[in-house]
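Only one structure is covered here, and it is reproduced in the block below.
Read the figures in this text as sums done on the coordinates, not as results from a lab. None of these values were measured; they are calculated from a predicted model. Reconstructed Cβ throughout: ideal geometry from the backbone, glycine too, with neighbour counts over all protein chains shown.
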Amino acid sequence: MVADADFWLTQFLNGMQLSMLLFLLSIGLTIIFGLMHFVNLAHGALYMVGAYVGVSAAASLGNFWLALIAAPLAVTIVGIFLYVAVIRRMRRAGPMNQVLVTFGLIFVLVDLVRILWGDIALGMEQPAILSGPAEIFGVSYPAYRLFIIAVGLVVMVALSLVLSRTQIGAMVRAGVENDAMASCLGINVERLFFAVFCVGCALAGLAGAVAAPVFSATPSMATDILIPTLIVVVIGGLGSLGGAIVGSLIIGFIQTFGAVVLPGFASVLVYVLLAIVLIAKPAGLLPARS
Amino acid sequence: MFYQTPLKSVTVIVILAALALYAILGGYFAGEIVVEIAVLAILAISLDFVAGYGGMVSLCHGAIAGIGAYTFAGLTALAGFDGFTATLAALAATAAFGLVVGAVTANISGIFFIMATLAFGQMAYVVVFEWKALGGDDGMSGVSRYDFSAIGLNMNGSVEFALFCLLVVLIVYAVAAYVLRSSFGRTLIGVHSNEDRMRALGLSVWKHKAVAFSFSSLLAGSAGILAAQHTLFVSPELLVWTVSGEVLIVVILGGLGTLAGPIAGAALLVFLKQQVSDYTEHWHLVIGLFLIAAVMAGGRGVYGQVEHVLQRKARSDANA
Amino acid sequence: MLEVRDLSKNFGGLRVSRHIHMALEKGERRVVLGPNGAGKTTLFNLLAGTLQPTSGEILLDGKPITNLNVEQRARRGLSRSYQKNNLFEGLTVGENLALAAATAQGRTFSCFSRAHESRAIRETVEEVAEMVGLSDRLDLGVAHASYGNRRQLEVGLALATKPKLLLMDEPTSGVGPGMIDAFHKLIATLPRELTIVIIEHDLDLGFDVADRITVLNYGEVVFEGTPEETKGSDVVREIYLGDWQGDA
């Protein structure tokens with residue numbers, strides 16, 4: 001029985017770790033989505049870029065923590081370029097055109113990564129301090145994975161505080177709820193969107209760099225992570241922090257526990273859940289607009 | 001409203017005739033390319049039917065074709081049915097799947113519709129992937145092509161099969177065009193134009209959308225049947241969502257809501273892929289840039305742009 | 001023909017329709033007046049089924065239709081035109097009318113017939129186009145049509161379904177005096193057995209065509225009577241602050 005409890009605790013931590021990665025990606029996507037109704041399929045590709053930059057930075061600088069700063073910065077710069085060149089012009093083009101253009105961006109970014117870094121999976125060294133196992137509630141669990149959970153929780157708390165306590169947070173909430181009203185109130189929605197977009201890119205880059213030591217950097221991570229992230233966003237409700245948290249936890253845990261309990265059909269469960277939510281509550285579980 | 005204009009007729013016939021000529025004169029390799037174009041063109045026509053004329057942008061048409069391919073492959077290779085029966089069953093299966101997806105998603109619009117169809121497509125993908133009897137992720141081989149030896153046709157020949165596929169493209173186009181001109185098609189276009197008003201005029205909108213999606217799925221199923229016979233093999237890769245994305249690209253490159261454009265788009269994409277991969281393995285990069293440019297240039301697509309220019313010219317001539 | 005019993009609609013705490021009673025004879029022309037925000041369009045949305053009432057009942061030909069949705073009510077012969085043009089953009093005027101006529105005649109599902117080109121539909125299209133004054137505009141793309149033409153088509157779409165009950169929401173909003181006259185004439189030429197409810201801002205038109213007038217204020221029926229009675233009513237004068245005293 002003890003072994004059983006240990007097993008489930010380990011699974012719980014695995015679920016948390018996946019949930020936190022999904023959260024780091026979906027929060028940026030959902031706010032961009034909710035604020036400007038912009039569908040960015042290339043968000044997963046930014047995560048991939050973050051992982052590769054993290055790998056290279058860690059190797060050349062010899063320091064994991066610097067890589068953790070370099071990756072979000074680099075991805076933000078890539079994001080700014082995409083914003084100026086493409087996304088800004090596609091703001092009012094409708095969901096289908098946005099899907100297509102950002103689908104094209106996935107192609108471009110993935111191939112650029114393959115040209116720059118090659119096709120093989122690249123590993124990344126964990127920092128020495130986190131490389132061993134850690135004891136938690138009597139269970140031995142890799143310290144680095146606990147670190148991923150911690151990063152997710154820190155970002156979650158920080159974003160909650162920013163959104164609920166600061167002026168820019170209030171502006172974002174107003175923009176998500178009613179952008180016409182927000183611009184009447186004198187909020188520069190365009191600039192706000194740009195700022196939020198940059199934060200979203202930085203978080204995607206951070207997620208990529210944090211994930212690289214565990215999963216390695218591969219070109220396929222751009223599309224592999226995209227679908228679960230989109231599902232989180234839709235299930236949770238566009239533009240809502242609470243929705244991103246709840247959605248990430250639901251998807252992270254269904255995938256983790258589903259793989260143990262119903263091997264093979266865990267991802268079917270996720271899609272069934274998505275279909276049910278879309279039909280029963282099309283606005284998501286915790287929509288930002290009431 | 002949809003009208004089978006002379007421009008559409010000429011475009012379809014010229015492209016199909018050119019491809020037939022290419023298949024006949026170009027040897028084995030040309031035949032393979034033509035089959036690839038034909039399969040993609042059928043899928044793109046079926047997607048244009050719902051997306052361009054019904055406003056339902058589906059990201060599961062690849063998966064629907066995959067269902068057709070697997071039904072056909074399973075019935076012929078595993079259960080020993082003849083090709084004709086298997087074809088009917090595969091079309092019925094895709095139409096039924098499309099009816100369910102269409103009925104369930106009829107009240108969803110915009111990005112939510114895209115996501116919902118994505119979910120249904122991925123569901124089908126995962127089921128096929130995990131279904132050991134169908135070969136799971138290894139796929140299933142042993143599919144055979146139609147047996148037309150009675151009329152002296154050897155479908156295992158590259159040219160014969162390519163020509164047959166082009167014939168199917170023509171049939172699918174004609175059927176889609178005919179339905180679009182019928183009461184059903186015009187009503188669908190009305191729903192696309194103003195769903196609320198159609199409801200206020202007394203139409204059961206969801207029923208109409210569901211049937212339209214089902215019909216489109218049936219057309220997509222025929223592409224799957226040809227794809228299975230082309231490689232004599234089916235695998236879950238047929239059903240991945242990126243395949244549906246590629247079909248959507250073809251529709252956009254050719255011209256959304258033009259029906260003839262998707263055929264041009266399919267030929268364009270496959271030839272472009274062929275040309276680019278002669279020079280570099282990174283053809284996705286080129287396609288991606290091409291796609292971004294095409295959408296940002298107005299998104300009318302190659303054929304759509306031609307049609308637009310000619311129509312504008314005709315209007316200004318009429319006014320002059 | 002149409003009966004409304006104790007109809008109320010609340011949006012949260014906001015009561016936009018309160019205990020509305022109405023009864024219309026077959027062939028009656030009823031004009032609904034009231035200041036902005038009086039709940040006129042809400043009443044139409046309740047009648048047409050776009051909104052569900054919080055309480056109360058609606059009967060058409062003696063049968064309850066309260067639980068029917070928009071399309072089911074339309075199939076019972078209820079048709080409406082909108083205050084804001086709600087057309088099929090991208091199609092021509094003729095295609096718009098044909099679509100409305102074919103839908104009302106239930107000729108929507110056949111993949112084999114081309115009902116839109118059939119004689120029955122063509123006749124309806126021509127007849128309605130004649131009525132609303134669009135006979136020479138059938139091939140005009142709606143997107144290129146003038147505001148006045150679009151307004152005519154808006155009413156035309158509602159008529160093309162050959163309804164029993166026609167709801168018209170400010171058919172003359174935003175058009176010039178010439179077209180207002182044309183609408184006067186149009187309503188006079190409509191079949192006498194057609195029951196019509198019109199929301200009107202133009203009081204002259206209201207008095208001209210109405211058999212009876214209902215006045216709404218704050219979601220309530222504050223007056224109902226013949227045009228003559230309405231002109232003499234103190235309640236109505238108070239609401240309109242003597243808007244038409246000079247005209248009357």
Tensor-based shape of the stretch C:158-235 (alpha-carbon gyration tensor, a/c under 1.5 rounded, otherwise prolate or oblate): prolate
Förster radius 35 Å - calculated FRET efficiency between A:L122 and A:T10, Cβ distance, rounded to 0.05: 0.80
Space enclosed by the convex hull of the alpha-carbon atoms of the stretch B:6-239, per residue, Å³: 124 Å³
Against the rule of thumb 2.2 N^0.38 Å, how large the Cα Rg of the stretch A:21-64 comes out: 1.45
Whole-Å distance, taken between Cα centres, linking the stretch B:201-227 and the stretch B:261-320: 26 Å
For residues of B:203-211, the mean tally of beta carbons on other chains within 10 Å: 3
Distance from the stretch C:1-48 to the stretch A:263-289 (C-alpha centre basis), Å: 39 Å
The stretch B:33-76 - convex hull of the alpha-carbon atoms, volume per residue in Å³: 72 Å³
Longest DSSP-loop-exposure-free segment, GluC sites (Glu not before Pro), chain C, at most 15 other Cβ within 10 Å: C:90-192
Dipole of the protein assembly as shown, positive direction: furthest Cα of C:L59, B:A293, C:L194, with charges on the beta-carbon: C:L194
Sorted by Cβ density within 10 Å, fewest first, the residues A:Y47, C:Y240: C:Y240, A:Y47
Gyration tensor (alpha-carbon) shape descriptor, the stretch A:1-125, a/c threshold 1.5: oblate
Alpha carbon centroid spacing (whole Å) that separates the stretch A:175-189 from the stretch C:169-209: 40 Å
Cβ neighbours within 10 Å from other chains - mean over B:280-287: 5
Per-residue HN-Hα couplings for the stretch A:154-162 [Karplus 6.51, -1.76, 1.60; θ = phi - 60°; Hz; x = Gly/Pro]: 4, 4, 4, 5, 4, 5, 4, 5, 4
Summed residue charge, Cβ within 15 Å of B:T242's Cβ, Lys/Arg positive, Asp/Glu negative: -3
Shielding score for B:289-297, defined as the mean number of other chain Cβ atoms within 10 Å: 6
Semi-axis lengths (Å, descending) of the ellipsoid that matches the C-alpha gyration tensor of the protein assembly as shown: 52, 37, 24
At 1.306 mPa s and 10 °C, Stokes D of chain C from Kirkwood alpha-carbon radius, µm² per second: 85 µm²/s
Per residue convex hull volume, Cα atoms of chain A, in Å³: 140 Å³
Distant-in-sequence amide H partners of C:L51 (H built 1.01 Å from N, under 5 Å): C:L46
Modelled FRET efficiency - R0 25 Å, C:D6 with C:N36, Cβ distances, 0.05 increments: 0.50
Positive minus negative residues near C:L87 (Lys, Arg vs Asp, Glu; Cβ under 15 Å): +1
Linear extension gain, B:S149 paired with B:V10, 0.36 nm per residue minus alpha-carbon span: 46.8 nm
Structure-based [θ]222 nm, the protein assembly as shown - -39500 (n - 2.57) summed over DSSP H runs of at least 4, per residue, nearest 500: -21000 deg cm²/dmol
The stretch A:91-201 shape via C-alpha gyration tensor axes, a/c threshold 1.5: oblate
Cut-off 13 Å between beta-carbons: net charge of the residues surrounding C:V221, Lys and Arg +1, Asp and Glu -1: +2
Stokes-Einstein D for the stretch C:58-173, Kirkwood Rh over Cα pairs, 25 °C, 0.890 mPa s (µm²/s): 168 µm²/s
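Restricting the count to DSSP beta bridges whose residues both fall in the protein assembly as shown, what percent are antiparallel, rounded to a multiple of 5?
The antiparallel fraction comes to roughly 60 percent.
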Potential extension, C:C111-C:E25 segment - 0.36 nm per residue separation minus Cα distance: 26.9 nm
